[in-house]
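Read-outs throughout are calculated quantities, based only on the coordinates presented, and are distinct from any laboratory measurement. Please read all numbers here as calculations on a predicted model, not as lab measurements. In this analysis, Cβ positions are derived from the backbone assuming ideal geometry, glycine residues included, and neighbour counts consider all displayed protein chains.
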Amino acid sequence: MSAAPIRLNASPVPLHLRDVALRAGNAGRQLVSALSLSIEPGQRWALLGPNGAGKSTLLSAVAGLSTTAAGEIRLGERALSQWPARELARQRAWCPQFWLDPFPASGWETVACAVVATQPDLSAAQAELLARDWLKGFDVGALADNDVRTLSGGERQRVALATACAQGAPLLLLDEPTAHLDWAHQVLLQPLLSAWSAAGGTVFAAVHDLNMAWNFATHALLLDGQGGFVAGTREEVLQAAPLSHAYAVPVSVLEEGDARWFRVDLSARRD
Amino acid sequence: MILKPPPLAAALLLAGVCVPAALFIGLMAGSSGWGWPQGDILWLIRLPRVLSAFGTGAGLALAGALIQLVTRNPLADPYVLGVSSGASVGALLALMLLPAGLFLAPELGAVLGALAATSLAFLFTWRAMGKSGDGRIGNQPGTVVVLLVGVMIGAACGAAVSFMLAIANDQQLRSLVFWLLGDLNGASLWWPLWAAVGIALLLAWPRARELDWLTRGDAWAWTLGVPVAKRRRLAILAACIATGAAVATAGSIGFVGLVAPHIVRLVGLRHARALLPFSVVFGGVFLVLADTVARTLIAPAQLPVGVVSAAVGVPLFLFLLLRRSQAR
């Protein structure tokens, strides 16, 4: 997938989280407390944790969409809240789990929204070309002229990923990028994300599949759903003990040379 | 389903033919038959009425397109803001409280009523949307608030109208009902209406693309750098101006605001940058023709134009609805 038309329109900057606390809603339950970590350009982070652990909340806080209950998120030299929305749009792209498509729009038009919004220097024809190239990169080039409302879940998800990449912001925040994707397209995603970080970009993606996480990520952040977390390289985080604790099921790790495989021991339930 | 590129050139050409044609038909057709009207009839009656009809249809269609975008609801129309009900209350109050036959009394009452309802709707939505202080999304209420505020204002005005209908005498009742149905008879103040529609279009059109992005989700639009709350207020303000002026001129004419943007979308003009101006054109043409039918069908008597626009609009809308559910 070296054909992916990666075009970063801002220089990548590191992301720092210091003593961040997150709540569900304004006064809801505590999701995470005292979360501190640094994400450097060129790294690919997998965000792991059980349902309701705060993965989406953390991603939207990092996107600047919601505020943290405590602590600070810095992007480069500035606190996230100090970034004007327009500049932030050139620095990070956010790919949510759910999309609204109330009115007809073709695939390429949907992708082109992100291009036009963040790269006004491109002509309309260039924006369309870039949009179509990204759709090809995610193997939905043939559906570029179709109404997005008629696409299947997995096809719509690939249009969404193409949209996030086409925005050209170095920091990609992906909320369950492999949701609805079949195996072939999950496999397709991995070299794309590697190429992204090779170009200097950063990936921060919430995922449920541990094998997927091991294969695409260089680092991992594991939320345990009780306010605790483990952060570090994938080798440090993706181990049986922290995973079994966080997911409350016995996870076993099979090592095969450099590779690791993860499976849940369904016969035994941990209490 | 494959979407073809918007047929902009063809639409421009069609608009260039349809607008003069509709105006010509509107001017030529009269209660006494077909033909070029004499001086005073042309200048004092036919022309102001045709221009008012065009402006009313244009304003309602523009407002409809804007409200559909802002609420992400293809079935919304300008009246969800409660503006038309406000105007009705104003007009009915003027009809009932002021001496009969007072010059322009119901019209001015409608203007005031529309303004009051507009300000109320605007104030409430503005306040509800402005809460997240630094302009970020947070837990912003968004589309639901716009709809709820409109429904509440509409409900209050509906109760007021029912009350007035209950206590009105026979003669008042006749003019009340006529006003409620929507009617262009005697509508002559066309230029303030055209000015209002022009201002509304100028306000909204430069931000049309951002309104398109907003339909795909407030949070996502914000991550693209769109100041979500500001744009939403702008669109609602423009819709209030256009609706208020249209209702003050002609009463509550239904279905133009709902159907006109859909027809424009059906033709393939689906982006707000094309949707807004072509809704203006199509809404204007539609109402000029509907009004022409209304005043010639059973001449010398006149039908309220609301009857004609509903007679065309309801079947058309049901057809669209059917197509929509089949496309799923």
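A few comments on the model shown:
- Cβ neighbours within 10 Å from other chains - mean over A:87-94: 3
- Between B:Ala10 and A:Ser267, the FRET efficiency from the beta-carbon distance, with R0 = 51 Å, is close to 0.15.
- Ranked packing of B:267-280, B:245-258, A:139-152, most packed first, by mean Cβ within 10 Å: B:245-258, B:267-280, A:139-152
- The phi-based Karplus calculation (6.51 cos²θ - 1.76 cosθ + 1.60; θ = phi - 60°) puts the 3J(HN,Hα) values of segment A:181-190 at 7, 6, 4, 4, 7, 5, 5, 4, 5, 5 Hz, whole numbers, x for Gly and Pro.
- Inter-chain neighbour count for A:146-152: the average number of beta-carbon atoms from partner chains within 10 Å of each residue's beta-carbon is 3.
- Dimensionless Rg ratio for segment A:1-108, taking C-alpha atoms and the 2.2 N^0.38 Å reference: 1.20
- Förster radius 51 Å - calculated FRET efficiency between B:Ile41 and A:Arg149 (Cβ-Cβ, nearest 0.05): 0.50
- Shown is the FRET efficiency for B:Ser188 and B:Ala311, computed with R0 = 30 Å from the Cβ-Cβ distance and rounded to the nearest 0.05: 0.75.
- Binning the C-alpha pair distances of the protein assembly as shown at 20 Å intervals from 0 yields a P(r) profile of 19, 43, 26, 11, 1 %, listed from the shortest bin outward.
- The 3J(HN,Hα) values that the Karplus relation (6.51, -1.76, 1.60; θ = phi - 60°) gives for segment B:224-241 are, in residue order, 8, x, 7, x, 4, 4, 4, 5, 5, 4, 4, 5, 5, 4, 4, 5, 5, 4 Hz. Gly and Pro appear as x.
- As a proxy for reagent exposure, A:Asp209, A:Asp258 were ordered by neighbouring Cβ count within 10 angstrom, fewest first; the result is A:Asp258, A:Asp209.
- Where chymotrypsin sites (Phe, Trp or Tyr not before Pro) fall in DSSP loop in segment A:55-108, at most 15 other Cβ within 10 Å: A:Phe98
- As a rough footprinting exposure proxy, the listed residues A:Glu40, A:Glu128 were ranked by other beta carbons within 10 Å of their own, and the order from fewest upward is A:Glu40, A:Glu128.
- Label-point separation, A:Arg18 to B:Ser162 (7 Å along Cα→Cβ), nm: 6.1
- Acute angle (nearest 10 degrees) that the helix A:153-166 long axis makes with the longest principal axis of chain A, alpha-carbon atoms: 70
- Residues B:Thr223, A:Thr68, ranked from the fewest to the most other C-beta atoms within 10 Å, line up as A:Thr68, B:Thr223.
- Amide hydrogen proximity for A:Ala34: with H placed 1.01 Å from N in the peptide plane, the residues at 5 or more positions away or on another chain lying under 5 Å are A:Val20, A:Ala21.
- Put simply, segment A:15-240 fits an ellipsoid with semi-axes of 29, 20, 17 Å; these come from the alpha carbon gyration tensor as the roots of five times its eigenvalues, largest first.
- Ordering of A:49-62, A:111-124, B:14-27 by packing [mean C-beta count within 10 Å, highest first]: A:49-62, A:111-124, B:14-27
- Residue ranges A:188-199, A:160-171, B:107-118 sort as A:160-171, B:107-118, A:188-199 when ordered by packing (mean number of other C-beta atoms within 10 Å per residue, highest first).
- Ellipsoid semi-axes for segment B:8-327, based on the Cα gyration tensor and the rule √(5λ), read 32, 25, 16 Å when sorted largest first.
- Label-point separation in nm, A:Ser36 to A:Ala179, each point 7 Å along Cα→Cβ: 3.3
- Inter-chain shielding of B:208-219 (mean C-beta neighbours from other protein chains, 10 Å cut-off): 4
- Length gained on full extension, A:Val249 to A:Gln126: 39.3 nm, using 0.36 nm per residue less the C-alpha separation.
- Here the spin labels are modelled as points 7 Å beyond Cα on the Cα-Cβ line, and at B:Leu297 and A:Asp258 they lie 7.8 nm apart.
- Residue by residue, segment B:105-119 carries 3J(HN,Hα) couplings of 4, x, 4, 5, x, 5, 4, 5, x, 5, 4, 5, 5, 4, 4 Hz when phi is fed to the Karplus relation 6.51 cos²θ - 1.76 cosθ + 1.60 (θ = phi - 60°); x denotes Gly or Pro.
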